[in-house]
Every structure is written in structure tokens, then in C-alpha cells.
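Below is one structure, written out as C-alpha cells; comments come after it.
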Amino acid sequence: MRFYRPTGPISALTFDLDDTLYDNRQVILRTEQESLRFVQGYHPSLNALESTDLHRIRQSLRETEPEIYHDVTEWRRRAVERAMLDMGLTADEATAGAEAAMHHFAKWRSRIDVPPETHETLAKLAEKWPLVAITNGNAQPALFGLNDYFKFVLRAGPDGRSKPFNDMYHLAAERLDVPLGEILHVGDDLTTDVAGAIRCGMQACWIKPEGADLLTANDSRLLPHLEISRLASLTTLI
């Protein structure tokens with residue numbers, strides 16, 4: 001554990017999910033592959049659809065609706081629906097198909113192997129502080145065994161703009177009834193987690209990815225209060 005700023009009182013902890021509490025890289029890769037395979041097999045006219053086609057549609061949606069990126073689930077659903085419409089499905093068929101595709105996506109998205117160390121650490125921390133999850137993604141902790149550690153989960157889109165915007169940070173403090181300055185946010189991203197939390201008045205802990213170095217990182221705009229390389233290090237704060 002390395003300290004860069006003086007820490008103050010801590011009354012609650014908030015956590016990013018993906019790549020903070022578990023390795024998300026292979027999960028996303030597998031989910032993308034299985035999701036594309038499902039869409040391709042949903043209707044004969046879709047069997048030639050490629051990931052590049054969906055990416056192009058997603059980019060087009062963001063150009064016409066810039067704020068859609070804050071809700072990655074709806075953004076993905078709309079892209080699949082648009083692809084189905086472009087391939088000749090009716091509006092009702094495309095709506096039903098997109099919903100089915102998202103249900104399939106959620107199933108694979110939640111096949112996450114959470115390290116035992118994460119369970120042990122969160123359990124110990126939850127004995128002392130209320131814990132909250134704040135994510136820009138669409139992982140659902142209730143589906144992979146982490147939900148019970150958190151008082152609640154905030155997700156970009158339904159609960160405000162994505163990090164580093166301060167919507168979800170402020171909402172967490174409001175719902176916890178805890179001052180922003182007494183919340184320690186833990187995350188792996190120096191922009192969305194560290195800079196976002198510090199700019200809205202919270203304390204920030206950077207859990208650095210393997211091989212990362214704060215002194216050479218391109219996005220090290222603001223120093224975190226502390227840096228750790230293993231989640232279990234947080235238990236030394238108890």
C-alpha cells in the first residue's frame with residue numbers, strides 16, 4: 001500500500017466492479033463471441049452479421065444520440081434492434097429479437113469467476129463499513145455472488161451519467177447519508193475512478209492493474225489518496 005495524499009475519516013467504501021473485484025477481460029471476450037453467435041442464429045437473414053457491423057451501428061447511434069453511451073445496456077440493445085431492422089425484420093420482430101439477445105448477453109456476462117480473496121476481503125470490510133458498487137458497465141453482482149456485500153448497486157444509465165461524471169458518486173453519498181469526503185472509492189481506472197472520485201470530493205484508492213505504473217500512466221491526471229496492488233490490502237485500514 002502506497003499513500004500519495006493524506007487520508008481522512010472513512011465512513012463508507014464504494015467499489016468499481018469490472019477489473020477491480022475480478023478479471024473482466026476474458027468474460028467480455030467470451031460474452032461478445034456468444035452474443036454474436038446468438039444474433040446470427042436468431043433469424044436466417046442475420047447469419048452473415050459480423051461484429052464490425054454492430055460496431056458501426058453503435059458508432060452511428062452515438063453520433064446521433066451522444067448521451068446513449070452512458071447506458072451501455074440500452075446502447076447495445078438498440079444496436080441489435082437496428083441491425084435486425086436493417087436486415088428486414090419487422091419492428092415487432094426486431095424488438096423481441098433484441099430483448100432475447102440481451103437476455104442471452106446477460107447470462108454470459110454474469111459467468112464471472114470471483115477470486116476467493118475478493119469474497120474474503122469484502123466480507124471483512126462489510127463488517128466495519130457500508131459498501132456500495134458503482135459501475136459504468138452492466139455486470140449484475142446478484143448473478144455472480146457479490147450482491148450480499150453491498151448496501152446497493154449503482155449503474156450508469158438508470159442511476160445517472162457514467163463515471164467520471166459525479167452523478168453516481170453524489171447519489172451514493174446521498175443514499176448512504178454520508179459526507180462525500182468520508183467515502184473511499186476503490187477502482188482500477190485512473191480517469192473514471194480516481195479522477196472522478198477526487199473531483200467530486202471523495203477519497204480514492206487506485207488498485208493498479210498488473211504492470212501499471214502511476215508515474216508513466218497516460219491517464220494519471222490526479223494522484224489517488226492511496227495505491228494498492230491487491231484488494232486484500234484494504235483490510236489494513238480496518
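Brief remarks on what is shown
- For residue 90, the criteria (1) hydroxyl-bearing (Ser, Thr, Tyr); (2) touching a residue at least 60 places away in the same chain (Cβ under 8 Å); (3) exposed (fewer than 12 other Cβ atoms within 10 Å of the Cβ) hold in every case but one, which is (2).
- Residue 145 fulfils the conditions (1) more than 20 Å from residue 70 (Cβ to Cβ); (2) buried (at least 22 other Cβ atoms within 10 Å of the Cβ) except for a single criterion, (2).
- The set of residues in segment 93-109 being of a type in the set (A, V, I, L, M, F, W, C) and crowded, with 19+ Cβ neighbours inside 10 Å consists of 94, 98, 101, 102, 105.
- Residue that is modelled with the lowest pLDDT [pool: residues in segment 200-238 that are of a type in the set (S, T, N, Q) and under 23 Å from residue 162 (Cβ atoms)]: 220
- For segment 124-136, the tally of residues that are open to solvent by 40 Å² or more (accessible area, probe 1.4 Å) and closer than 11 Å to residue 232 by Cα stands at 1.
- If you go through segment 39-52 and keep only what is within 18 Å of residue 72 (Cβ to Cβ) and open to solvent by 40 Å² or more (accessible area, probe 1.4 Å), you end up with just 51.
- Residue 112 within 26 Å of residue 172 (Cα to Cα), in contact with a His (Cβ under 9 Å, 6 or more places away or on another chain) and buried (at least 17 other Cβ atoms within 10 Å of the Cβ): no
- In segment 6-36, the qualifying residues are those that are within 24 Å of residue 136 (Cβ to Cβ) and loosely packed, with under 14 Cβ neighbours inside 10 Å, and the one that is farthest from the chain's Cα centre (by Cα) is 33.
- Annotation: of all residues in segment 134-149 being over 12 Å from the mean Cα position of the chain (by Cα) and in contact (Cβ under 8 Å) with a residue 24 or more places away in the chain, the one that is nearest to residue 76 (Cα to Cα) is 143.
- Condition check for residue 139: part of a loop (DSSP other than H, G, I, E, B) and open to solvent by less than 10 Å² (accessible area, probe 1.4 Å): yes
- Beta carbons closer than 8 Å, at least 6 apart along the sequence or on distinct chains, pair a first residue in segment 7-32 that is closer than 15 Å to residue 135 by Cα and aromatic (Phe, Trp, Tyr) with a second that is open to solvent by less than 10 Å² (accessible area, probe 1.4 Å) and part of a loop (DSSP other than H, G, I, E, B) for 15/21.
- Listing of helices (runs of 4 or more DSSP H) fully contained in segment 4-117 that carry 3 or more residues being acidic (Asp, Glu): 72-86, 91-109
The values are calculated or read from the model by the stated rules, or taken from the named source; none is laboratory data. Values in this document were obtained by computation on a predicted structure and should not be read as measured data. So basically every Cβ, Gly included, is an ideal-geometry build from the backbone, and we count neighbours across all protein chains shown. To get the accessible areas, we keep the full protein, side chains included, count just its heavy atoms, and leave off ligands, DNA and RNA. Shrake-Rupley method; radii C 1.70, N 1.55, O 1.52, S 1.80 Å.
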